[in-house]
Amino acid sequence: MARLIAILLLCAAPLCAAYESNFGRVILANSDLVVHGVASATRVEMRSSTKVELTIESVLHGDEKQTEVFLFYNDPDLLKKGEAVRGLFALKKLAEGGYSLVGKPVLTPAGDAEEADKLRVARAFIALENEAEGEGRTARFWELLVEHLKLGGYPAQNAAVELMFVARDRGTIITEQRFDDVVAARDSALNRLTKQTKEDLKLACQGMVEAKVKNAKFKRVRRGKDKSEQRQAAEDLSSLQVDYPRAFTEEDAKLADALGKDSDDTHLNEKLNELAKAIRAEIRIREAAERDKAREAGERVKHAGE
């Protein structure tokens with residue numbers, strides 16, 4: 001897997017205000033050192049762990065004067081046996097000497113066309129986390145994500161993963177403009193995005209709509225400064241419902257109904273009624289699909305017992 005955050009550590013760390021990114025919360029919070037180097041092909045089995053010598057080519061985070069250190073890891077299949085492994089390693093210093101491996105290394109084998117991008121992404125996030133905490137750093141974080149999406153390839157894969165964690169854990173930093181910037185960057189780089197990145201971005205955008213964007217649009221429908229703004233917000237909601245139908249619930253349909261009834265704008269009322277109908281139609285389709293799935297599962301169990 002090419003995604004830096006997901007590869008280095010698959011589980012999300014508890015939210016920590018001291019870090020801006022998921023990379024910071026998951027990797028930097030648990031590491032003393034992030035290096036680019038080569039793990040020797042020679043491994044030594046030591047009870048429940050494996051010991052290997054790591055030759056450091058460059059230090060991206062932390063301080064280590066030696067170029068040869070010992071690395072310990074618990075999963076014997078983590079590094080390919082009998083071969084030297086070159087990559088990015090996140091390391092935690094051990095009291096008894098040497099380092100333990102944090103998560104999985106990001107591989108950069110000889111001739112890897114994405115090596116420069118992998119190093120660029122790691123350095124960019126490390127530099128970001130070294131900035132002073134605050135709104136400025138948050139704005140820079142979003143700028144970095146948009147910049148990486150436009151680049152496509154590996155940087156975009158990492159940005160997509162970060163955005164999924166933003167949607168899940170940091171809804172408060174999502175704004176309509178930031179969401180629009182992500183969508184524009186995604187659309188400008190479609191030919192440079194992998195299938196996995198496109199799927200991740202769809203989930204991330206759906207999560208952002210659910211966490212913040214749709215509520216901001218409904219607020220504009222209710223409190224827009226004029227009919228033009230209110231109508232545009234209703235149009236935006238309809239577009240979002242088409243693109244991310246799973247982000248909308250029956251409660252949203254009820255809210256659309258209520259806002260439509262409260263409005264004396266016939267056009268707005270019609271758009272909100274259409275939105276409510278579309279939401280409910282999609283919900284019925286999902287529910288039918290779930291019933292079919294459950295029925296098929298029951299049939300399989302029945303036949304298995306015959």
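The values are calculated or read from the model by the stated rules, or taken from the named source; none is laboratory data. This one's a predicted model, so the numbers in the text were calculated from it and none came from an experiment. For neighbour counting, all protein chains shown are included, and Cβ atoms are generated from backbone atoms with ideal geometry for every residue, glycine included.
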Is one or more of the residues making up the stretch 19-32 among the hydroxyl-bearing types (S, T, Y), closer than 21 Å to E162 by Cα and at pLDDT below 95?
-> yes
Considering the stretch 32-79 alone, what residues qualify as being in contact (Cβ under 8 Å) with a residue 60 or more places away in the chain and charged (D, E, K, R)?
-> D32
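Return yes or no: is R284 out of contact with any helix residue (DSSP H, G or I) (no Cβ under 8 Å at 6 or more places or on another chain), modelled with pLDDT of 95 or more and among the basic types (K, R)? It would help to see each step written out before you state the result.
Numbers: out of contact with any helix residue (DSSP H, G or I) (no Cβ under 8 Å at 6 or more places or on another chain): yes; modelled with pLDDT of 95 or more: yes; among the basic types (K, R): yes.
Yes, satisfied.
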Pairs only if they're at least six apart or on different chains, beta carbon under 9 angstrom, first in the stretch 17-31 and touching a residue at least 24 places away in the same chain (Cβ under 8 Å), second part of a loop (DSSP other than H, G, I, E, B) and acidic (D, E); list them, first residue then second.
-> A17/E133; A18/E133; Y19/E133; E20/E131; E20/E133
Among the residues of the stretch 248-262, write down those that are of a type outside the set (D, E, K, R) and surrounded by 19 or more Cβ atoms within 10 Å (Cβ to Cβ).
-> F248, A253, L255, A256, L259, G260
V102 passes all but one of (1) out of contact with any helix residue (DSSP H, G or I) (no Cβ under 9 Å at 6 or more places or on another chain); (2) in contact (Cβ under 8 Å) with a residue 60 or more places away in the chain; which number fails?
-> (1)
Among A84, A110, A116, A139, the single one that is surrounded by fewer than 15 Cβ atoms within 10 Å (Cβ to Cβ) and either closer than 23 Å to A41 by Cα or of a type in the set (D, E, K, R) (or both) is A110
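Please give the helices (runs of 4 or more DSSP H) falling wholly within the stretch 206-306 in which 1 or more residues are of a type in the set (V, I, T). Before you say what the answer is, go through the steps one by one.
Numbers: elements: 214-223, 227-243, 250-262, 266-304.
Counting at least 1 such residues, we get 214-223, 227-243, 266-304.
Considering every residue within the stretch 130-145, establish whether at least one is in contact with a strand residue (DSSP E or B) (Cβ under 7 Å, 6 or more places away or on another chain) and among the β-branched types (V, I, T).
Residues of the stretch 130-145 that are in contact with a strand residue (DSSP E or B) (Cβ under 7 Å, 6 or more places away or on another chain), as a first pass: none.
No.
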The one condition in (1) more than 25 Å from S31 (Cα to Cα); (2) outside any loop (DSSP other than H, G, I, E, B) that R120 fails to fulfil | (1)
